[in-house]
Amino acid sequence: MKIAPSADRTIQLPGGRKLIATPVLDTYWKFACKRQDVFMRRVSNEPPPWTDDEILLAHRFTNVYRASDRVSQYLIRRVIYNGDQSAEEVFFRVLLFKLFNRVEPWELLTDAFGLPEWRTFSPARYEAVLDAAMVRGEKIYSAAYIMPSPKFGAQRKHGNHLRLIDYMMRDGAAQKIARASSLESVFRTLRDYPSLGDFLAFQLAIDLNYSEMLDFSEMDFVVAGPGARDGIKKCFRDCDGLSEADVIRAVTDMTDHEFHRLDLCFQSLWGRQLHLIDCQNLFCEVDKYARVAHPNEQGASGRTRIKQRFVAASQTLPQWYPPKWKLKPSVVTGPDFAQKMRVRGKRVKSQQVQLFNNLG
């Protein structure tokens, strides 16, 4: 399904800067609504298909809200809030899980040693478990993003990552993070460690911020990953000298206005609006979506295909978010679902119109 090209438009920002938006920006907002609708229908136990969008039916995309993705949900519920809640142990568990960013190696280690703990951590014993998994042909790392290998002398990447964890823990990284004064400070502390570049350090900072050891707003700070930079390039012809982070913030600030302009009803995450990290992720996903919908718009990477195919799996998706967010996920099934969505859509649109009117 290709979307017919239309004219670029100028967006005037506070302070005099201008963004020249391509038609892909309209697709950005439409994609957000469609993908969130798919999520809400799945959570409500509706049977597939959950959309009539040909691209969404054929290809796999992450959720609009980062915390709603399967791996993030597992991290929050089964890793962060399961076990000792001291800053040291929470930091250790998050680091161990996220350096592999995959459920299966975590469960292998849990089966072998019980819930992983820093106080009993042995890089050599953990490495032996993962070595055996690799011999069996099992995957150790997620394909979501590249995890560079730090240079700690091990023959295999996972051995070096286990040694990195040991090094960071002995260096007092958990205590440094717990004392951080901002999300950006967490990011900069993490980035100082071997192999943790800008993107990985930021992702890890967001994961740690789900826990009780930190409590910073996700509107405080953002770092654009490679996919998001491609998405921004496709959405904007000219950013008037703004950094990618500034563009993400500008787009996050205009969400209500844009949904109203396009007559869209966006379902929030049970009252939680889009934050910087979510809009950063959306740029990454619209980069992929645009490879089919807007094949003439080129990003920096030059990629033209979406690798991952979507396979509908009718299974319940129980949702559990950081308690400090105070969300109350509700599930509506059967014929009540469509009616609730219509009522919610009218209410959201009314709120957007009111906000737009208040802006003058």
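Please verify whether segment 180-200 includes one or more residues that are without any contact (Cβ under 8 Å) to a residue 40 or more places away in the chain, within 28 Å of ARG60 (Cα to Cα) and touching a helix residue (DSSP H, G or I) at 6+ places or on another chain (Cβ under 6 Å).
yes
When you go through ARG77, ARG42 one by one, which is the residue that is surrounded by 19 or more Cβ atoms within 10 Å (Cβ to Cβ) and not in a loop (DSSP other than H, G, I, E, B)? Explain how you work it out, then say what you get.
Values: ARG77 fails: surrounded by 19 or more Cβ atoms within 10 Å (Cβ to Cβ).
Matching residue, one of ARG77, ARG42: ARG42.
For segment 77-113, how many residues are over 21 Å from ALA133 (Cβ atoms) and of a type in the set (D, E, K, R)?
Residues that pass the stated criteria total 4.
Conditions first: (1) free of Cβ contacts under 8 Å to residues at least 40 places away in the same chain; (2) over 29 Å from ARG170 (Cβ atoms); (3) surrounded by fewer than 19 Cβ atoms within 10 Å (Cβ to Cβ). LYS34 passes all but one, so which condition is the exception?
The number of the failed condition is (3).
Which helices (runs of 4 or more DSSP H) sit wholly inside segment 175-283 and have at least 2 residues that are surrounded by 20 or more Cβ atoms within 10 Å (Cβ to Cβ) and among the charged types (D, E, K, R)?
Numbers: elements: 183-191, 198-209, 226-235, 244-253, 255-261.
Hits in segment 175-283: 226-235.
Enumerate the pairs (first residue in segment 243-259 and closer than 18 Å to THR22 by Cα; second residue anywhere and assigned to a loop (DSSP other than H, G, I, E, B) and small (Gly, Ala, Ser)) with beta-carbon separation below 7 Å, excluding pairs fewer than 6 apart on the same chain, so at least 6 apart or on different chains.
These pairs meet every condition: GLU244/ALA224; ILE248/ALA224.
Within segment 1-31, which residues are open to solvent by less than 70 Å² (accessible area, probe 1.4 Å) and hydroxyl-bearing (Ser, Thr, Tyr)? Spell out how you get there, then give the answer.
Pass one, segment 1-31, residues open to solvent by less than 70 Å² (accessible area, probe 1.4 Å): 3, 8-9, 11, 13, 16, 19-29, 31.
The answer is THR22, THR27, TYR28.
The values are calculated or read from the model by the stated rules, or taken from the named source; none is laboratory data. Just so you know, these numbers come straight off a predicted model, no measurement behind them. Cβ: placed from backbone, ideal geometry, glycine included. Neighbour counts: every protein chain shown. Areas reflect the complete protein model, heavy atoms only, side chains present, ligands, DNA and RNA absent. Shrake-Rupley method; radii C 1.70, N 1.55, O 1.52, S 1.80 Å.
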